[in-house]
Structure formats: structure tokens, C-alpha cells
Amino acid sequence: MIEEDYVVSVVIPAFKEVKTIRKVIRDLKSSSSYNMQIIVVDGYSNDGTEEIVKEEKAEFVTEPRVGYGRAIKTGIDHAKGDIVVIIDADDTYEACDINKLVQPLLKDESDVCLASRLGGTLLPGAMPSMNLFGNRMFTSMYNAIYGQNVTDTQTGFRALTKKTIECLDLYSDGMGLSTVFLTEAAKRGFRITEFPTIYRPRNDHSKSKLNRLKAGWEILRILLLGQA
Ligand SMILES: Nc1nc2c(ncn2[C@@H]2O[C@H](COP(=O)(O)OP(=O)(O)O)[C@@H](O)[C@H]2O)c(=O)[nH]1
Ligand SMILES: [Mg+2]
């Protein structure tokens, strides 16, 4: 199979997620029959992630520049599929739901599809109450300003067509990139849909890289000013 035949490219930003990366890759592979390119964009974790990714026959890319958004953009640069799926490496999302993300795009019913945690199920301990509050507030603001009707702007599990991505100005290198995808897509009239998913807590010893204050300030600037 030649590379140009890829249907779906999955970009997985990863920083010190050695405990969960194998499961995420396996869940993706076992729940989809697409010709899938899996790209792990690692921020010099140096924790064995590289070996596992190679064992699982996924692509390993090192991105020394810091930032969730930066890692995703580097992954997108390597993506050869018509559809790009983005998912965390921490096994908090239901990777098995990949078909529900991809189908609406393949059927040309949607350009951007979100796996919504707030419209679905938050398992106990999965999302701190401050994050939930912030997400609800930013999502309401987004819907009001950009004329949309989504329930979870901050989800890390989403799919976009490559054609859509090529039209967007992805100007954030940080956690704000999740919001930039949506403001940019709405401004350009792309169709944004979602489906409910389940969100799990991180495994015992791993920590979120989210800096709530920094991310919150960035998201506010993106929503109100269109800049990070
Ligand atoms: N390569 C890379 N990955 C990152 C960076 N920051 C976060 N990530 C990864 O991006 C995903 C989202 O970050 P996470 O800490 O889970 O944020 P949360 O889901 O908001 O709690 C995870 O898979 C992280 O390992 C970074 O600076 N570089
Ligand atoms: Mg996460």
C-alpha cells in the first residue's frame, strides 16, 4: 500500500505518556478498518515512548518545541490522510470511538467533528470542577459569538478534513489551538458537528500538562480578539 492511500491520519501529541501510549495506539488500530497513519509527536519525553511507538509500528516524530498546539501542527505537517484525527496520549478518551468521528466526514455531512465529553459522560474524577466550569463558560461564549451549538469546545479528541485544515490559520502553539480550530472553522463557514463520548480520569501517577490560568487567558483572547 502506498502512502498516498491513507484515509485517516491520527496525530497523538505526547509528553511523558509512556504508561498509556501503547493502549491508545492499539485501541485505535483495533477499532478501525481504515488505512490509518498513526503519528506520535513526542516532546523529548525520553521515557521509553519512542521504543513503544516503534514496536507498535506507528510513526514517531520528535518535536522539541514546547506546546500542545505546536506538537499537533507538527503532526499535521506529517499527515498524509484525507482526514486528520487528534487524540491525547493519556488514554482518557475513548479511542474506540474513532469511527464515530470519521464517518460524518467521510459521508460529507461534516467538516469538523468533536467527541463531546460534556455532552456525553464524565467519569468520576475525570475533569476537575474548575476545568468543567471554564469549559462551560468558554463553550457558551463560543456558541454565542460564532453562532454554533456545540457542548465541548475543549475536547482533545476531534477530526477535521485535510481540506478544512488547509484553510485555517492555526495561530496558537498552546492549549488554545483546540479553540482556534473552532473559531477559524466557524468564521469560514465549515460544518461543525459532535457526538457524545466518555471521558476517563488519567492513570494514577500521570499528570495533566494543562496550565489552567495560562490556557484560560489564551482561550479568552482567541474568542474575543482572534489572537493567542
Ligand atoms: N509533544 C508534546 N505533547 C504535549 C505537550 N503538552 C501536552 N502534550 C500532550 O498533549 C496531550 C494533552 O495534554 P494533557 O496534559 O492531557 O492536557 P489535558 O487533557 O487538558 O489534561 C497529552 O497527550 C500530552 O502528553 C507538549 O508540550 N509537547
Ligand atoms: Mg489529556
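What follows draws every value from the coordinates through simple rules; no lab data is involved. Here the structure is a predicted model, which is why all the values come from computation and not from measurement. In this analysis, Cβ positions are derived from the backbone assuming ideal geometry, glycine residues included, and neighbour counts consider all displayed protein chains.
A compact table of results
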{"item": "Potential lengthening between LEU106 and GLN148 on full extension [0.36 nm per residue; Cα-Cα distance subtracted]", "result": "13.0 nm"}
{"item": "Rounded to the nearest 20 debye, dipole of region 1-67 from Cβ charges on Lys, Arg, Asp, Glu", "result": "300 debye"}
{"item": "Dipole magnitude of the chain about its Cα centre (Cβ charges: Lys, Arg +1; Asp, Glu -1), debye to nearest 20", "result": "680 debye"}
{"item": "Neighbour-count ranking [beta-carbon atoms within 10 angstrom, fewest first] of PHE181, PHE195", "result": "PHE195, PHE181"}
{"item": "Options ASN149, ILE83, VAL66, ranked by Cα towards positive dipole end of the chain, top entry (Cβ charges)", "result": "ASN149"}
{"item": "Over the chain: helical MRE at 222 nm, DSSP H runs n ≥ 4 each giving -39500 (n - 2.57), nearest 500", "result": "-11500 deg cm²/dmol"}
{"item": "Taking all pairs of distinct alpha-carbon atoms in region 114-184, Kirkwood radius in angstrom", "result": "13.0 Å"}
{"item": "J(HN,Hα) series, region 151-162, from Karplus relation 6.51 cos²θ - 1.76 cosθ + 1.60, nearest Hz, glycine and proline x", "result": "10, 8, 5, 9, 4, x, 10, 8, 9, 9, 6, 4"}
{"item": "Mean separation of Cα contacts under 8 Å (6+ apart) over length of region 3-225, as relative contact order %", "result": "24 percent"}
{"item": "Estimated inter-spin distance, MET130 and SER208, nm [label 7 Å along Cα→Cβ]", "result": "1.0 nm"}
{"item": "Derived scalar couplings ³J(HN,Hα) [region 115-126; Karplus, 6.51 cos²θ - 1.76 cosθ + 1.60; whole Hz; x for Gly, Pro]", "result": "8, 8, 7, 6, x, x, 10, 9, 5, x, x, 6"}
{"item": "Linear extension gain, PHE195 paired with SER140, 0.36 nm per residue minus alpha-carbon span", "result": "18.1 nm"}
{"item": "Cα centre as origin, Lys/Arg/Asp/Glu Cβ charges: region 100-228 dipole, Debye", "result": "280 debye"}
{"item": "Region 158-180 residues near the modelled ASP77 label - backbone nitrogen below 16 Å, point 7 Å along Cα→Cβ", "result": "166, 170-174"}
{"item": "Cα radius of gyration and Dmax for the chain (Å)", "result": "16.2, 47"}
{"item": "Residue-by-residue Karplus 3J(HN,Hα) for region 67-79, coefficients 6.51, -1.76, 1.60, Hz, glycine and proline x", "result": "x, 4, x, 4, 4, 5, 5, 5, x, 4, 4, 8, 6"}
